[in-house]
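The block underneath contains the structure these notes are about, expressed in structure tokens.
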Amino acid sequence: KKKDNALLRYLLDKDDNM
Amino acid sequence: APPAGLPVPALVLEFVRCEQDELHVRSKISAHLEHLQQDQNSRGAKAEPLSTFGLMCHIADQTLFSIVEWARSCTFFKELKVGDQMKLLHNCWSELLVLDYISRQVHHGKQDSILLITGQEIELVSLLAQAGVTLADLVRGGQELVQHLRELQLDHREITCFKYLILFNPDVKLLENQAYVESVYEQVSGALLEYTLCVYPQHLERFSQLLLRLPELKTLSAQAEDYLCYKHLSGEVPCNNLLIEMLHAKRT
């Protein structure tokens, strides 16, 4: 299930400074 | 826009401050579509041309990315852990997408055409001619809601309040910080009520009239999700990223 929502998690987790 | 200088609740001004720049979002999505077009051209005659529906899917997908970006920038939203943020977005993504579309039509102000986020205008007649029965019903349902909101002269600040009311839905289950979501919802409701009483003092029922439209929006978004799911199962949705992930998240 965790893998299924990978993109949203990435978008919410991503560091804006990257 | 309501008359300038009237006391607007600070929270509503904060909501407006957090709004994304429409032109910036428009150019980002248009650039993505141009990139798609170039990609298709480079693949030459072998590539299957993108259908109108396929193009709409890409637009919806890119709009969804901008909605997630908007949510991330909200001060209230940042207070939540990622788990709760994901639950809230999984719950309301299609309502925010449909609200984005509906609010654009409300201020587009034309009966016989719709305005896309890219700035393109599409004649309703030609859209309905291409659409199947289900999509045609969806578009008509959307136009009815647009008409109601036009009559109410829904303004931009009220639309931003709608977005927060939809995002911070206290009915979402299994939240870690349920109390916080409820408190934000109450604060937003209070701010919208105060705003309508300040700016539209001659319409004491405006607040309740506005809230009456939210269930219609929810119904439309549920129909849109069903339609998207049907199209996806028949292999007609070209892109396989955020739109489909969110569709699956709600249905698993």
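A compact table of results
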{"read-out": "Using alpha-carbon coordinates, inclination of helix B:242-251 to the longest axis of chain B, degrees", "value": "70"}
{"read-out": "Packing-based exposure ordering (other Cβ within 10 Å, fewest first) of B:THR63, B:THR196", "value": "B:THR63, B:THR196"}
{"read-out": "Extended-chain gain in nm, criterion 0.36 nm per residue less alpha-carbon gap, B:ASP21 and B:GLN130", "value": "36.1 nm"}
{"read-out": "Spacing of the two label points (7 Å from each Cα toward its C-beta) at B:HIS148 and B:GLN40, in nm", "value": "3.6"}
{"read-out": "Debye equation applied to the C-alpha atoms of the stretch B:67-163, log10 I(q)/I(0) at 0.17, 0.24 Å⁻¹", "value": "-0.85, -1.26"}
{"read-out": "Highest to lowest packing among B:123-130, B:179-186, B:85-92, scored as the average C-beta count within 10 Å", "value": "B:85-92, B:179-186, B:123-130"}
{"read-out": "The stretch B:95-252 shape via C-alpha gyration tensor axes, a/c threshold 1.5", "value": "oblate"}
{"read-out": "Ranked B:GLU225, B:GLU48, B:GLU14, criterion: other C-beta atoms within 10 Å, fewest first", "value": "B:GLU48, B:GLU14, B:GLU225"}
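Where a number appears in this text, it was derived from the coordinates with a stated rule and is not lab data. A quick note: this is a predicted structure, and the numbers were derived from the prediction, not measured. All Cβ positions, glycine included, derive from the backbone under ideal geometry; neighbour counts span all protein chains shown.
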